[in-house]
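Inspection log for the structure reproduced underneath, given as structure tokens.
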Amino acid sequence: MSTEINIDDPTVAPLPPSCKLVYLALEAYGPAPLSTIRARTTLADRTAREALDTLVEEGVATRDWATDGDARQSRYRLAE
């Protein structure tokens, strides 16, 4: 059984598996707040937050404020 996650995006390919998992969750389900990403990936809070920070730093994902619901929550999405 292989646990390797293959990603075609050359920016994401060298990143840690947690980043790849979060990337795939955003790709499959679209924009989401941290709590939803954690639920979809079953990553620990700190791991999910660090993965999202890395994806944002690499320019693969963006962080913005939710316009519906709780405006205090950040929503993450893949960069276009």
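Restricted to the range 22-80, and to residues there that are surrounded by fewer than 12 Cβ atoms within 10 Å (Cβ to Cβ) and assigned to a strand (DSSP E or B), the residue that is modelled with the highest pLDDT is ASP64.
Entry remark, the range 5-38: residues being over 15 Å from ARG63 (Cα atoms) and of a type in the set (S, T, N, Q) number 3 in total.
The values are calculated or read from the model by the stated rules, or taken from the named source; none is laboratory data. Every value quoted in this text rests on a predicted model; they were computed, and no experiment measured them. Every residue, glycine among them, receives a Cβ derived from its backbone with ideal geometry; neighbour counts consider all protein chains shown.
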